[in-house]
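Below: the structure, in structure tokens.
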There are 2 protein chains.
Amino acid sequence: MTIKIGIVGYGNLGKGVECAIRHNPDMELAAVFTRRDPETLKILTEGVKVYSYEEAESKKEFIDVLILCGGSATDLPAQTPELVKHFNVVDSFDTHAKIPEHFAAVDTAAAQGKKVGIISVGWDPGMFSLNRLYAGAVLPGGHDYTFWGRGVSQGHSDAIRRIKGVKDARQYTIPVDKALKEVREGKNPELTVREKHTRECFVVAEEGADLDRIREEIVTMPNYFSDYDTTVHFISEEELLRDHKKIPHGGFVIRTGKTGWEDENSHVIEYSLKLDSNPEFTASVLTSYARAAYRLNQEGQSGCKTVFDVAPAYLSPLSGEELRRHLL
Amino acid sequence: MTIKIGIVGYGNLGKGVECAIRHNPDMELAAVFTRRDPETLKILTEGVKVYSYEEAESKKEFIDVLILCGGSATDLPAQTPELVKHFNVVDSFDTHAKIPEHFAAVDTAAAQGKKVGIISVGWDPGMFSLNRLYAGAVLPGGHDYTFWGRGVSQGHSDAIRRIKGVKDARQYTIPVDKALKEVREGKNPELTVREKHTRECFVVAEEGADLDRIREEIVTMPNYFSDYDTTVHFISEEELLRDHKKIPHGGFVIRTGKTGWEDENSHVIEYSLKLDSNPEFTASVLTSYARAAYRLNQEGQSGCKTVFDVAPAYLSPLSGEELRRHLL
């Protein structure tokens, strides 16, 4: 018997979940739900239907877990509490400051529906958070560092696109090697934002646009660029489509700390990701936690959970015995 | 109220646990139990008593968790099932092939005593196992690699010391850079043991010993060295004590895998440790899992568990709310 997954929202993330389900033989895609006109949506999996978002509830008996692939700004704060009344759900809510609020709303609704809702799943929040927790518990009193990149920041790319005379743009966030090196050496540097990351922008300008003005507007843009060392490259539309069509990302979580009676020994714990596709990897994490949501609910659990609350074994299709035999 | 920890066995690992407790303000060392004459043992923590192993049971009302610091060959197979009848326990049992058997014995005894026993805790098995599980669940169909080192192998050092004419020795296991590089590039190489690790030996010979014969005996020793490229350096006792007194170790767990409808995107997940002191780091992991054992038992749970069965939040002294606010 396979776990029946429903996808809510079919952008890059939703499509990534569809692909991830194909890589997990114990799961199958049951349905896709969209806010768009279902007729206009062409999905990859043969024989699976697309429904409007409003129809979701009426399909609940055919679905074990819904993976919510909407955005954190407006979709998930409404959808996750609404849907967890009827379904086990997993989302990738990533507005850090609002996680406590989102958790509370999902927890109340999940308890009401006797379902499991796992929120803020992905790689940051998600796998990176797990590594911060494990490393922090093992090396208390140590220092934590998170670096992101090299990878495309959608928010920064969008900010450039809003500048007059810009046709398209891609922005890469890049960790600074010198800072990474100092952190790994256990020097516990105090790093400014400028010292941790640089920003590299590839910009397609409209014909006749003032390139110097565009460059100046980018590098001085508050919040997004003014606190960073930013490089701007003007390229052609063909180059952008050819060389920058992927959505890579990744990063590093490093903790250094001391042990010994007099702190005489130093240790470095490092976790890193190098991802060709940010949405597909995030989708793969969501999909493994869908398995966990299903199993936890089968055991009678309910309420809101995060990656911190889920024992690792729930993520794997292997049995406890197989895990101990092959992975321990 | 602090968690009261007892240490069973006071070698490098037990001493490491004593130091780790000092780094965790929510814990205190309650007692040390030893197979040696308690009178001969001088521990670091003032005011804490040393008892004989046989006295442990009589102290159970003063202890929340016992951390077992004996060896996997003979100590733990007997001690863990025996002690988990009366105590929550954590051990670092690391004989991979015998983990299923050990798990079964501890599970039966723990159920009987209504206590929690967490076995095979440390970094491998332990943190490395966790990373194999998480990465495997997220990237099904990928490839897993574990490299160890640069670090001292106690077993290999002991093997050299048994050779006639050898006074002392230290053996380092070293991962091969070329292999690491190929793995990180996602080439999925099939690696022989020789291609994964090299071995470097620092040997103090007795006066007048035949160095060529010793070198030959080392590099041809079956199981330990004959399948590896091994380098032997003869050094003085002073040099050994000066340059090789620490017990460093570490390693890498790397998983590469593909996502996308046609496997078009590649990903690399890497976890690495660089440790000045193998026993002190292992002890730090054990100590964080002691917190988990205590809490799980407080919730009414019992039985044998491994790192796979423990939700990460149980390891941290922070509350769920604090974790979500600061680490997620």
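Below is a table of values for the structure above.
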item: Residues (closer than 23 Å to residue A:177 by Cβ and either β-branched (Val, Ile, Thr) or buried (at least 18 other Cβ atoms within 10 Å of the Cβ) (or both)) located in the stretch A:229-239; result: A:230, A:231, A:232
item: Scan of the stretch A:97-136 for residues that are of a type in the set (Asp, Glu) and closer than 25 Å to residue A:63 by Cβ, ordered by number; result: A:107
item: Residues satisfying the stated conditions in the stretch A:299-313, i.e. at the interface with chain B (Cβ under 9 Å from one of its Cβ atoms) and either more than 21 Å from the chain's Cα centre (by Cα) or buried (at least 21 other Cβ atoms within 10 Å of the Cβ) (or both); result: A:305, A:306, A:307, A:308, A:310, A:312, A:313
item: Matching residues in the stretch A:245-268 - criterion: being at the interface with chain B (Cβ under 9 Å from one of its Cβ atoms) and on the phi > 0 side of the Ramachandran plot; result: A:250, A:260, A:263
item: Among (1) within 14 Å of chain B (Cβ to nearest Cβ); (2) touching an Asp or Glu at 6+ places or on another chain (Cβ under 9 Å), the one test that residue A:232 misses; result: (1)
item: Candidates A:109, A:73, A:20 - the one that is assigned to a helix (DSSP H, G or I) and away from chain B (no Cβ under 14 Å); result: A:109
item: Enumeration of residues in the stretch A:185-214 that are within 30 Å of the chain's Cα centre (by Cα) and assigned to a helix (DSSP H, G or I); result: A:193, A:194, A:195, A:196
item: Residue check for residue B:142: within 14 Å of chain A (Cβ to nearest Cβ) and over 30 Å from residue B:213 (Cβ atoms); result: yes
item: In the stretch A:155-190, the residues that are touching a His at 6+ places or on another chain (Cβ under 6 Å) and hydroxyl-bearing (Ser, Thr, Tyr); result: A:173
item: From A:255, A:291, residue being farther than 24 Å from residue A:7 by Cα and buried (at least 17 other Cβ atoms within 10 Å of the Cβ); result: A:255
item: Cβ pairs under 8 Å, 6+ apart, first in the stretch B:262-288 and assigned to a loop (DSSP other than H, G, I, E, B), second polar (S, T, N, Q) and surrounded by fewer than 24 Cβ atoms within 10 Å (Cβ to Cβ); result: B:276/A:265; B:276/A:266
item: Looking only at the stretch B:25-36, and only at residues there that are over 18 Å from residue A:261 (Cα atoms) and among the charged types (D, E, K, R), the one that is surrounded by the most Cβ atoms within 10 Å (Cβ to Cβ); result: B:35
item: Meets criteria (closer than 28 Å to residue A:72 by Cβ and at the interface with chain B (Cβ under 9 Å from one of its Cβ atoms)) for residue A:271; result: yes
item: Given (1) within 11 Å of chain B (Cβ to nearest Cβ); (2) within 16 Å of the chain's Cα centre (by Cα); (3) in contact (Cβ under 8 Å) with a residue 60 or more places away in the chain, index of the condition residue A:136 fails; result: (2)
item: The stretch B:64-104: number of residues that are under 12 Å from the mean Cα position of the chain (by Cα) and of a type in the set (S, T, N, Q); result: 3
item: Yes/no for residue B:212 being out of contact with any Phe, Trp or Tyr (no Cβ under 9 Å at 6 or more places or on another chain), closer than 30 Å to residue A:275 by Cα, loosely packed, with under 12 Cβ neighbours inside 10 Å and modelled with pLDDT of 95 or more; result: no
item: In the stretch A:97-112, the residues that are of a type outside the set (A, V, I, L, M) and surrounded by fewer than 19 Cβ atoms within 10 Å (Cβ to Cβ); result: A:98, A:100, A:101, A:107, A:108, A:112
item: Among the candidates A:117, A:122, A:136, A:151, residue that is within 18 Å of residue B:138 (Cβ to Cβ), at pLDDT 95 or above, crowded, with 22+ Cβ neighbours inside 10 Å and not polar (S, T, N, Q); result: A:122
item: Selection status of residue B:5, closer than 28 Å to residue B:154 by Cβ, part of a strand (DSSP E or B) and in contact (Cβ under 8 Å) with a residue 60 or more places away in the chain; result: yes
item: Selection within the stretch A:205-224 - over 13 Å from residue A:166 (Cβ atoms) and either in contact with a strand residue (DSSP E or B) (Cβ under 6 Å, 6 or more places away or on another chain) or among the polar types (S, T, N, Q) (or both); result: A:219, A:220, A:223
item: Residues located in the stretch B:165-190, provided they are without any contact (Cβ under 8 Å) to a residue 40 or more places away in the chain and surrounded by fewer than 20 Cβ atoms within 10 Å (Cβ to Cβ); result: B:174, B:176, B:177, B:178, B:179, B:181, B:182, B:185, B:187, B:189, B:190
item: Yes/no for residue B:94 being assigned to a strand (DSSP E or B) and within 14 Å of chain A (Cβ to nearest Cβ); result: no
item: Some residue of the stretch B:275-286 being closer than 25 Å to residue B:182 by Cβ and either crowded, with 24+ Cβ neighbours inside 10 Å or more than 7 Å from chain A (Cβ to nearest Cβ) (or both); result: yes
item: Number of the condition not met by residue B:99 [criteria: (1) among the aliphatic types (A, V, I, L, M); (2) more than 9 Å from chain A (Cβ to nearest Cβ); (3) part of a helix (DSSP H, G or I)]; result: (2)
item: Qualifying residue in the stretch B:62-79 (condition: surrounded by fewer than 20 Cβ atoms within 10 Å (Cβ to Cβ), over 22 Å from residue B:154 (Cβ atoms) and without any contact (Cβ under 8 Å) to a residue 40 or more places away in the chain); result: no
item: Among residues of the stretch A:233-261, those that are touching a residue at least 40 places away in the same chain (Cβ under 8 Å), of a type in the set (A, V, I, L, M) and outside any strand (DSSP E or B), counted; result: 1
item: Boolean, residue B:172 is assigned to a strand (DSSP E or B), of a type in the set (Ser, Thr, Tyr) and more than 30 Å from residue A:292 (Cα to Cα); result: yes
item: Selection within the stretch A:181-225 - within 14 Å of chain B (Cβ to nearest Cβ) and acidic (Asp, Glu); result: A:185
item: Criterion: of a type in the set (A, V, I, L, M) and under 16 Å from the mean Cα position of the chain (by Cα) - qualifying residue of B:286, B:296, B:327; result: B:286
item: The stretch B:37-59 - residue that is closer than 21 Å to residue B:87 by Cα and surrounded by fewer than 15 Cβ atoms within 10 Å (Cβ to Cβ) and, of those, nearest to the other protein chains (Cβ to nearest Cβ); result: B:49
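The values are calculated or read from the model by the stated rules, or taken from the named source; none is laboratory data. These numbers come from a predicted model, not from an experiment. Don't worry about glycine lacking a Cβ; one is built from the backbone with ideal geometry, like all the others, and counts go over all protein chains shown.
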